[in-house]
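The block underneath contains the structure these notes are about, expressed in structure tokens.
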Amino acid sequence: GAVVSQHPSWVICKSGTSVKIECRSLDFQATTMFWYRQFPKQSLMLMATSNEGSKATYEQGVEKDKFLINHASLTLSTLTVTSAHPEDSSFYICSARDRIERVYNEQFFGPGTRLTVL
Amino acid sequence: QKEVEQNSGPLSVPEGAIASLNCTYSDRGSQSFFWYRQYSGKSPELIMFIYSNGDKEDGRFTAQLNKASQYVSLLIRDSQPSDSATYLCAPVNQGGKLIFGQGTELSVKP
């Protein structure tokens with residue numbers, strides 16, 4: 001149980017285009033999903049917290065107009081990188097927290113999406 | 001001071017040895033602590049979590065927590081080459097968010 005999927009697993013796009021990444025919880029409901037970014041040889045950095053039915057909360061320094069997050073259902077959150085540039089190339093990872101299991105705040109991670117902007 | 005600090009790597013141990021990974025954290029309000037393993041190019045996978053002071057064992061892995069010292073560690077017994085990966089320590093802060101350390105790269109030599 002507790003499986004999270006991401007789609008696509010990798011994407012290559014031209015500079016200036018927008019890219020949408022989907023994150024789905026397959027066998028549980030997630031009121032909260034998280035989006036992380038990881039550059040080579042660095043740790044995961046939290047970008048934003050996505051709550052079902054409400055606006056996402058962005059971490060300091062993350063442009064909310066550039067990284068659009070939508071959490072329209074209990075099993076789906078999307079991250080859209082708008083007007084992508086080469087510096088946005090990174091490994092984007094989502095995680096989800098079970099709506100029911102909240103005691104330890106465990107997060108289940110998706111497999112990640114590798115974005116390359118040319 | 002960083003929120004989460006892990007011992008700098010890479011850490012190299014021979015096959016069959018014990019690998020010791022250390023982590024200190026700054027948020028005294030943290031109650032849950034997670035250890036993740038991340039292979040190159042992959043997303044983190046949960047090894048174990050701990051929330052009470054003391055030791056917690058799961059197979060070859062033992063997590064140790066000392067909240068007074070703001071210290072958490074992970075011991076890997078009988079290390080295998082397949083354990084070679086980056087290990088991430090992640091306390092949960094008072095806002096319910098995972099705060100990741102920079103990771104310790106472990107290399108287990110056959």
- Percentage relative contact order, chain A, counting C-alpha pairs under 8 Å, at least six apart: 37 percent
- Spit out the partnerless Cys residues in the protein assembly as shown, using Cβ distances under 4.7 Å as the pairing rule. A:C13
- Write down, largest first, the equivalent ellipsoid semi-axes of the range B:1-55 in whole Å, where each equals the square root of 5 times an eigenvalue of the alpha-carbon gyration tensor. 22, 14, 14
- Message: Less than 11 Å Cβ to Cβ from A:Q6, Lys/Arg counted +1 and Asp/Glu -1: what total charge do the surrounding residues give?
- Response: +1
- Query: Highest mean first, what order results for B:50-59, A:61-70, B:17-26 on Cβ atoms within 10 Å?
  - Reply: B:17-26, A:61-70, B:50-59
- Query: How much length, in nm to one decimal, is gained on full extension between B:A68 and B:S52, taken as 0.36 nm per residue of separation minus their Cα-Cα distance?
  - Reply: 4.6 nm
- Note on the structure: Plugging the Cβ-Cβ distance of A:Q29 and A:K64 into 1/(1 + (r/R0)^6) at R0 = 25 Å yields, to the nearest 0.05, a FRET efficiency of 0.50
- Under 29 Å between C-alpha atoms is the cut-off here; go through chain B and count lysine pairs that meet it, provided they're at least eight residues apart or on different chains. 11
- Cα-based Rg of the protein assembly as shown normalised by 2.2 N^0.38 Å, two decimals: 1.02
- Item | Accessible area buried between chains B and A, both sides summed, probe 1.4 Å, in Å² to nearest 100 | 1500 Å²
- Query: log₁₀ I(q)/I(0) of chain B at q = 0.14 Å⁻¹, via Debye over equal Cα point scatterers, no solvent, to two decimals?
  - Reply: -0.50
- Message: Could you work out the relative contact order of chain B? I mean the mean sequence separation of Cα pairs under 8 Å and 6+ apart, divided by the number of residues, in percent.
- Response: 38 percent
- Hull surface over four for the Cα convex hull of chain A, reported in nm², is 7.0 nm²
- Once the piece of chain linking A:S9 and A:M45 is laid out straight, how much longer is it, given 0.36 nm per residue of separation minus the C-alpha distance between them? 11.1 nm
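The values are calculated or read from the model by the stated rules, or taken from the named source; none is laboratory data. If you're wondering where the values come from, they're calculated on a predicted model, not measured in any experiment. Counting neighbours? That spans all protein chains shown, and the Cβs are built from the backbone with ideal geometry, glycine included. Side chains included, ligands, DNA and RNA excluded: accessible areas come from the protein's heavy atoms. Shrake-Rupley method; radii C 1.70, N 1.55, O 1.52, S 1.80 Å.
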